[in-house]
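See below for the structure under consideration.
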Amino acid sequence: MLTGGSLVANNKIVLLYGFISIMVGCIKLPKELVPRDYAKWIENTNNGLRIEKEIGDYIFDIQYKPLDYAALLEIKKDSVSKQEIEKIKKEMEGLQYYTLKISAKNFSGDILKYKLNDMGNYSKRVEYFSFGMQNDLKIIEQGDTLPCTLHHFERSYGLSPYITFDLGFQDKDEKKEKKESDEKIVYYNDSILGIGPIKIAFKNKDIQNIPRLKTY
Amino acid sequence: MRKWIVSAIGIIGFVMASCSLFLIWFGNAGKTGYINTSEVYNDFKLKKELQEKLDKVLLSRKSILDSLKLTVNLLENKIENSKKISQSDTGRYEFLRSQYLLKEKQFQEDNEALAKKYSEQVWQQLNQYIQDYGKSNNYRFVFGTNGQGNLMYANDASNITEEVKEYVNRRFSGGK
């Protein structure tokens with residue numbers, strides 16, 4: 001039989017249970033994803049780590065590569081051990097990594113030849129993208145300008161409708177506290193395509209929201 | 001009887017909701033607005049950055065020309081004031097004067113080309129961002145006015161200059 005005392009106790013238990021449920025719902029528990037799903041999450045434009053920007057005829061697609069993801073791309077396996085990942089990450093420490101792809105709207109040919117009148121300018125483009133572009137790239141983060149220290153132009157010789165650059169920038173001092181509202185701005189001061197300087201911003205809150213990579 | 005009333009209310013409610021959605025959708029899709037083109041252009045961050053770069057280049061070139069001009073003028077004065085005109089001085093004066101005129105012409109052409117290049121870069125990005133603003137805010141038309149008769153009248157409520165300025169500068173700075 002229910003007494004007044006037991007009713008009060010039951011209500012308290014219900015309230016406590018409800019409170020705990022709400023708190024659990026509010027706390028964002030970090031997700032853990034297997035390598036394939038982890039890579040898909042990183043590459044999904046809805047998660048803020050891959051940004052596309054259109055300027056005039058050109059599309060800039062830039063992917064921020066957290067160390068786990070960059071290491072995963074090196075290993076290329078569906079399941080990885082913690083030791084494997086940590087070994088590769090150790091080698092890659094000190095830089096922040098990005099992949100930049102440039103393509104032209106409604107154009108599937110060799111973008112190096114896009115709207116080119118003569119082969120002299122083609123050579124200039126190849127030379128610029130191979131060597132000169134590195135000096136026009138930097139990261140602006142918390143008031144600091146971080147140079148591009150790694151620049152690799154992957155030539156596709158017209159086999160794909162975009163050109164790809166693997167980029168590495170000096171990493172920011174990790175000791176300095178990063179706020180959610182801070183941003184990493186990739187600054188590209190274009191001097192060959194005629195579009196001028198462009199900025200692409202990655203928000204710290206999106207970087208802090210990256211799930212964990214599941215290892216065995 | 002009761003069933004009929006309930007069904008009738010349900011149908012009327014559905015029709016009213018559909019009409020409201022229809023009006024909202026097509027009402028928004030028909031939006032037009034206008035911007036003060038000069039104001040948007042001049043307040044665009046990229047324009048200000050490139051203007052600063054251009055000013056530095058112009059100043060540096062002007063400095064080179066001024067220095068050369070001073071040398072030419074000094075030599076000219078020396079020749080005019082000397083009792084005996086030296087062949088080497090005259091030769092040097094002619095050479096420096098032609099150099100100055102050549103550099104002046106070259107710098108003028110380069111300055112114009114650089115200003116044109118920067119202006120094209122600004123308009124390329126500005127056009128893209130204004131287009132994106134129109135699309136994402138369901139505008140059918142966004143007119144650009146410059147106060148010289150290309151838009152004879154528009155309600156002030158259609159002036160979206162401030163919103164567009166804020167949007168284009170946010171987009172240029174890397175925001176969405």
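I need the calculated FRET efficiency for the pair B:ARG140 and A:LYS124, taking r as the beta carbon distance and R₀ as 35 Å, to the nearest 0.05.
So, using R0 = 35 Å, E works out to roughly 0.25.
In nm, to one decimal, how far is the modelled label at A:LEU159 from the one at A:ASN106, with both set 7 Å along Cα→Cβ?
2.9
Using bins 10 angstrom wide from zero, how does P(r) for the stretch A:83-216 break down, in % of all Cα pairs?
10, 35, 31, 19, 5, 0
Per DSSP H run of n ≥ 4, the term is -39500 (n - 2.57); total these for chain A, divide by its residue number, and report the mean residue ellipticity at 222 nm rounded to 500 deg cm²/dmol.
Computed ellipticity for chain A at 222 nm equals -10000 deg cm²/dmol.
How big is the stretch B:103-163 by the Kirkwood estimate over distinct Cα pairs, in Å?
By the Kirkwood definition, the hydrodynamic radius is 14.4 Å.
So for A:THR45, A:THR164, what's the accessible-area order with a 1.4 Å probe, most first?
A:THR45, A:THR164
Give me D for the stretch B:10-145 in µm² s⁻¹, whole number, from Stokes-Einstein with Rh from the Kirkwood sum over alpha-carbon pairs, 20 °C and 1.002 mPa s.
Answer from the Stokes-Einstein relation: 104 µm²/s.
Let me know the number of lysine pairs in the stretch B:83-160 closer than 25 Å at the Cα, not counting same-chain pairs under 8 apart.
Here the count comes out as 4.
For the protein assembly as shown, place one equal point scatterer on every Cα, skip the solvent, and apply the Debye formula. What is log10 of I(q)/I(0) at q = 0.06, 0.11 Å⁻¹?
Each listed q maps to, in turn, -0.44, -1.04.
Amide H neighbours of B:ASN159 under 5 Å, counting only residues 5+ apart in sequence or on other chains, H built in-plane at 1.01 Å?
B:TYR34
With chain A treated as a Gaussian network of Cα nodes joined by springs under 10 Å, which of A:TYR122, A:TYR188, A:TYR162 yields the largest mean-square fluctuation?
Its mean-square fluctuation being the largest, the pick is A:TYR122.
Residue separation times 0.36 nm, minus the C-alpha to C-alpha distance between A:TYR216 and A:SER191: what's the value?
4.3 nm
Say a site is exposed when it is one of the GluC sites (Glu not before Pro), sits in a DSSP loop, and has at most 12 other Cβ atoms within 10 Å; what is then the longest site-free stretch of chain A?
Excluding the exposed sites themselves, the longest stretch runs over A:1-92.
At 0.36 nm per residue, and after removing the present C-alpha to C-alpha distance, how many nm does the segment from A:VAL34 to A:LYS90 gain when stretched out fully?
Separation in residues times 0.36 nm, less the Cα-Cα distance, equals 18.1 nm.
Non-local amide H neighbours of A:LYS31 (under 5 Å, H modeled in plane, Pro and chain starts lacking H): which ones?
A:ARG212
Taking the 0 to 90 degree range and rounding to the nearest ten, how far is the long axis of helix B:45-81 tilted relative to the main principal axis of chain B, both from C-alpha atoms?
Helix B:45-81 and the main axis of chain B meet at about 10 degrees.
Using R₀ = 51 Å, calculate the FRET efficiency as 1/(1 + (r/R₀)^6) where r is the Cβ-Cβ separation of B:ILE85 and B:LYS117; round to 0.05.
Calculated transfer efficiency: 0.65.
Calculate the FRET efficiency for A:ASN135 and A:SER181 from the Cβ-Cβ distance with a Förster distance of 41 Å, rounded to the nearest 0.05.
The computed FRET efficiency comes out at 0.85.
Per 0.36 nm of contour for each residue apart, how much would the distance between B:GLU109 and B:ASN159 grow if the chain were fully extended, relative to their Cα-Cα spacing?
14.2 nm
Calculate the dipole size of the stretch B:114-176 relative to its Cα centre from +1 charges on Lys and Arg beta carbons and -1 charges on Asp and Glu beta carbons; express the result in debye to the nearest 20.
Dipole size: approximately 280 debye.
Carbon and sulfur together cover what percent of the accessible area of the stretch B:40-176 at a 1.4 Å probe radius?
After summing per-atom areas, the C and S share lands at 51 percent.
The values are calculated or read from the model by the stated rules, or taken from the named source; none is laboratory data. Since we're looking at a predicted model, the values are computed, not measured. Neighbour counts are summed over all protein chains in view; Cβ atoms, including those assigned to glycine, are modelled from backbone coordinates with ideal geometry. All accessible areas refer to the heavy atoms of the entire protein, side chains included, with ligands and DNA or RNA removed. Shrake-Rupley method; radii C 1.70, N 1.55, O 1.52, S 1.80 Å.
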